[in-house]
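Comments concern the structure below.
The values are calculated or read from the model by the stated rules, or taken from the named source; none is laboratory data. As the structure is a prediction and not an experimental result, all values here were calculated from the model. Note that we place each Cβ from the backbone using ideal geometry, even for glycine, and neighbour counts take in every protein chain shown.
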Amino acid sequence: MISSIPKWVSNLFGNTLRPNVKIVEISYLSPQIKKIRFQGDISKWSFQIGFASVVRVSETEFRNYTIAYHDKENGIFDIVFHIHGSGIGSQLINSLKTNDELFISPPRGKKFYEPSIKQQFIVGDETSLGLACSFLSFLRQGQHQFQFYFELDEENRNVPELLGLENCTIFFKNGSFRNKEWISNLPIFQTLDLATASFVLSGNVKSVQTFRQILKNKTAGKIFSQGYWLEGKKGL
Ligand SMILES: Cc1cc2nc3c(=O)[nH]c(=O)nc-3n(C[C@H](O)[C@H](O)[C@H](O)COP(=O)(O)OP(=O)(O)OC[C@H]3O[C@@H](n4cnc5c(N)ncnc54)[C@H](O)[C@@H]3O)c2cc1C
C-alpha cells in the first residue's frame, strides 16, 4: 500500500485530500493507546471487517488504521491508535485534540471475516485492537466460538477489557510470537477443529509470518493474514 506521495501529486489532489472529519471525543485506554471518535459524512462508506482507512499524517504521508466502530446514522466512527513514539503518524495522533480536523479515506482492503466458519481464532497486537473491536459484534451475533490472542506491552494489558473485548488471552511481548516451537505447542491447537477453523493474523509482520508458517502445517482451515507494521519500515 502507498504510504507517501510526491508533493506535486498531493497538490494535484489537494481538494480531495482536505480534512473531511472532525474529532469529537478522545479517551486514553493507557498512555500508549488513544481511542478517537471522529464525525463526518460516512454515509457512502463501506465497512467490512479487515478493511482499513488511510489517515493523512502530513502533507505527503499516509498511514493505515482500522475503523473499530461506526454509526452511519450519526456519522461517527472510532479508531484505536497505538502511540509508539517514533513515527510521523504516531506523533501526529499523539498531538490530536478535540475539534481538530483531518483527512481519512473510506475503508478498503482485505476481508477477514467468513460468517460460515464456526470457530475463529484471532491473533494480533496493539495495532489489531481496532480490528478485534470491529469483529466482536459479528462473532457474538453469529454465535461463533472465538478466541483472541494478543501480544502486548505490559502497560497495555488491561486495554482489551477496557474495550469490552472478551475471550482474550494476553501475552507480554517477549519474542514468544516469533518462536515456532512455542507457537506449535499452544494448548489452543488441541481444542480447535483444525480442519475447519479460521485464523486471522495481523499486527507485527514477523509475528504474523511465524504464526502463518506454523498454521500452514497444522490446518486445512482458512488463514487470513496481513502484517500491519515492521521494525525499521515506514508505513505498511
Ligand atoms: C491494514 C492496516 C490496518 C492497521 N490498523 C491499525 C490500527 O487500527 N491502529 C494502529 O495503531 N495501527 C494500525 N496499523 C498499523 C500502522 O499503520 C503502523 O503502525 C504505522 O507504521 C504507523 O505509522 P507511524 O508513522 O507512526 O510509523 P512509521 O513512520 O510507519 O514507522 C516509524 C518506525 O516506527 C516503527 N513502528 C511502526 N508501527 C509501530 C508499532 N505499532 N509499534 C512499534 N513500532 C512501530 C516502524 O517499524 C519504524 O521503525 C494498521 C496497518 C495496516 C497495514
Please enumerate the residues belonging to the stretch 74-91 that are more than 8 Å from the ligand (Cβ to nearest atom) and outside any loop (DSSP other than H, G, I, E, B).
-> I76, F77, D78
List every residue pair whose Cβ atoms sit under 8 Å apart, with the two residues 6 or more apart in sequence or on different chains, where the first one lies in the stretch 46-73 and is closer than 12 Å to G235 by Cα and within 8 Å of the ligand (Cβ to nearest atom) and the second, anywhere, is among the aromatic types (F, W, Y) and at pLDDT 95 or above.
-> N64/Y228; Y65/F81
Would you mind stating whether G232 is modelled with pLDDT under 95 and assigned to a loop (DSSP other than H, G, I, E, B)?
-> yes
Please give the number of the condition G142 fails out of (1) within 15 Å of the chain's Cα centre (by Cα); (2) closer than 16 Å to F121 by Cα; (3) not β-branched (V, I, T).
-> (1)
Can you find a residue in the stretch 44-66 that is aliphatic (A, V, I, L, M), at negative phi, out of contact with any Phe, Trp or Tyr (no Cβ under 7 Å at 6 or more places or on another chain) and surrounded by 12 or more Cβ atoms within 10 Å (Cβ to Cβ)?
-> yes
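Please indicate, with yes or no, whether at least one residue in the stretch 149-156 is over 30 Å from R18 (Cα atoms), in contact with a Leu (Cβ under 6 Å, 6 or more places away or on another chain) and away from the ligand (no atom under 16 Å from the Cβ). Please lay out each step first, then the result.
From the stretch 149-156, those over 30 Å from R18 (Cα atoms) are 149-156; that's our starting set.
Then drop every residue that is not in contact with a Leu (Cβ under 6 Å, 6 or more places away or on another chain), which leaves none.
Looking through the stretch 149-156, none of the residues is over 30 Å from R18 (Cα atoms), in contact with a Leu (Cβ under 6 Å, 6 or more places away or on another chain) and away from the ligand (no atom under 16 Å from the Cβ).
Please count how many residues of the stretch 124-138 are assigned to a helix (DSSP H, G or I) and among the charged types (D, E, K, R).
Step one: filter the stretch 124-138 for residues assigned to a helix (DSSP H, G or I), giving 126-138.
The next check asks that each one be among the charged types (D, E, K, R); those that pass are 126.
Going through the stretch 124-138 one residue at a time, the tally reaches 1.
Residues of the stretch 189-200 being more than 22 Å from the chain's Cα centre (by Cα) and touching a residue at least 24 places away in the same chain (Cβ under 8 Å), which ones? Explain how you work it out, then say what you get.
We begin by selecting, within the stretch 189-200, every residue more than 22 Å from the chain's Cα centre (by Cα); these are 189-196.
Across the stretch 189-200, the qualifying residues are F189, L192, D193, L194, A195, T196.
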Hey, does the stretch 106-127 have a residue that's within 13 Å of the ligand (Cβ to nearest atom), surrounded by fewer than 21 Cβ atoms within 10 Å (Cβ to Cβ), among the polar types (S, T, N, Q) and without any contact (Cβ under 8 Å) to a residue 40 or more places away in the chain?
-> no
Starting from the stretch 215-226, keep only residues that are assigned to a strand (DSSP E or B), then list their pairs with residues that are modelled with pLDDT of 95 or more and β-branched (V, I, T) whose Cβ atoms are within a distance under 6 Å, requiring at least 6 positions of separation or different chains.
-> F224/V200; S225/V208
Condition check for G203: touching a residue at least 24 places away in the same chain (Cβ under 8 Å), loosely packed, with under 15 Cβ neighbours inside 10 Å and within 16 Å of A132 (Cβ to Cβ) | no
Restricting attention to the stretch 160-182, and to residues there that are outside any loop (DSSP other than H, G, I, E, B) and charged (D, E, K, R), which single residue is surrounded by the most Cβ atoms within 10 Å (Cβ to Cβ)?
-> R178
